[in-house]
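Here the structure is laid out as structure tokens; the discussion comes afterwards.
The values are calculated or read from the model by the stated rules, or taken from the named source; none is laboratory data. Predicted model only: the values in this text are computed from it and were never measured. Cβ placement follows ideal geometry from the backbone for every residue including glycine, while neighbour counts extend to all protein chains displayed. We work out accessible area using only protein heavy atoms, side chains counted, and drop any ligands, DNA or RNA first. Shrake-Rupley method; radii C 1.70, N 1.55, O 1.52, S 1.80 Å.
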Amino acid sequence: MSESRPLIQLPAGSRGSRLLGFGSAQGDRVVTNDDMAKVIETSDEWIRSRVGIAERRLATEEQSLHVLATEAGRAALADSGISPSDVDTVIVATCTMSVPIPNVAARVADALGITGAGAFDVNAACAGFCYALGNATDLIRSGTARHVLVIGAERFSNWVDWEDRSTAIIFADGAGAAVVGPADEPAIGPVSWTSRGDLSSTIGITERNFVFQEGQSVFRWATTEVWPTAERACERAGVKLSDIDALIPHQANLRIIETIARSLRGRGAREDMKVARDIVHSGNTSAASIPIAIDHMRRAGELSSGEVLLLVGFGAGLVSAGQVVICP
């Protein structure tokens, strides 16, 4: 009798992957800085000067996390032209689930009529969308998946102490989604990611289940250690910073966004590189902020098909991740 073991076969993968479409959803309640000043000690000028936010969108009671994620996913499928029956994997990046079980992705898949698909959540906080996109790309290249729905979704209004000025003025609710599919020519670069677990105590959840952050520590990390992640993403994709048409960073704080853009321009990015500033009207939606910003910029005509985008997410962990992608 032969002692040889059977040869395991692998499915044929794709040379690369590409973005096929985007969609987004936000809370229906628009809360301006003047509205915030009615409940906590602050002002429009104070908020704008420190974080750059003019207003944020908060969910209504009916807009649960999975409802927001489903709405964004439905819009992304429509934009991509991909049928739910063609999606074989759903990934939801989130850090604001009300309970750890069941996961959000399976509920979203069911709500969208995506049957029999793999479904799982990713928690990399505000870098979650980039982490999920990296996973989706590798699943397609390996042959494990063909079309992946990637969603970043957050409902921070459940996790904010509305008497804490340092967080109440920043966070918001929303979801952004992208459909990823195979490509003969790669249109999504390798993910560049890193972590600083030694700084994990700078952002977290209190015993009262409220989000907190050490603002100055996070600001120093974000303005000194995140742009190298973006630069490495370009190196891994084989493109130069001067090739980048638009920078889409996590919408954490306008001052952080401007500092990252300035650092990259100082290392070769073009002066006319577009920079996402969706935070002004959307607030910080964590894992949802990058796909929401892209969706808004595309709909406003600020991004064109074929442009080279540099995505970079960063947040609690502390973690960061980025990749170069071609705009669909």
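Of the residues making up the range 276-328, those that are part of a helix (DSSP H, G or I) and farther than 16 Å from G128 by Cα are I279, V280, H281, S282, D295, H296, M297, R298, R299. Flag set for R298, criterion: closer than 19 Å to G23 by Cα, open to solvent by 10 Å² or more (accessible area, probe 1.4 Å) and in contact with a Phe, Trp or Tyr (Cβ under 7 Å, 6 or more places away or on another chain).
Among helices (runs of 4 or more DSSP H) lying entirely in the range 1-85, which contain 1 or more residues that are modelled with pLDDT under 95? Per the criteria, 44-51. Quick check on S217: is it within 21 Å of the chain's Cα centre (by Cα) and hydroxyl-bearing (S, T, Y)? No. Do the conditions hold for I292, that is, is it β-branched (V, I, T), under 20 Å from I151 (Cα atoms), touching an Asp or Glu at 6+ places or on another chain (Cβ under 8 Å) and open to solvent by less than 50 Å² (accessible area, probe 1.4 Å)? Spelling it out, I292 is indeed β-branched (V, I, T), under 20 Å from I151 (Cα atoms), touching an Asp or Glu at 6+ places or on another chain (Cβ under 8 Å) and open to solvent by less than 50 Å² (accessible area, probe 1.4 Å).
If you go through the range 86-102 and pick out every residue that is closer than 19 Å to A125 by Cβ, over 18 Å from the mean Cα position of the chain (by Cα) and either assigned to a helix (DSSP H, G or I) or among the polar types (S, T, N, Q) (or both), you end up with 1. Restricting I257, I169 to residues that are touching a Pro at 6+ places or on another chain (Cβ under 9 Å) and among the β-branched types (V, I, T) narrows the list to I257. Looking at the structure I just gave you, is V51 touching a strand residue (DSSP E or B) at 6+ places or on another chain (Cβ under 9 Å) and either open to solvent by 50 Å² or more (accessible area, probe 1.4 Å) or of a type in the set (A, V, I, L, M, F, W, C) (or both)? In short, yes.
Condition check for A69 on (1) of a type in the set (G, A, S); (2) open to solvent by 10 Å² or more (accessible area, probe 1.4 Å); (3) under 20 Å from the mean Cα position of the chain (by Cα): one failure, at (2). Just checking, does the range 242-256 include any residue being outside any strand (DSSP E or B), free of Cβ contacts under 8 Å to residues at least 60 places away in the same chain and buried (at least 21 other Cβ atoms within 10 Å of the Cβ)? The answer is yes; a qualifying residue exists.
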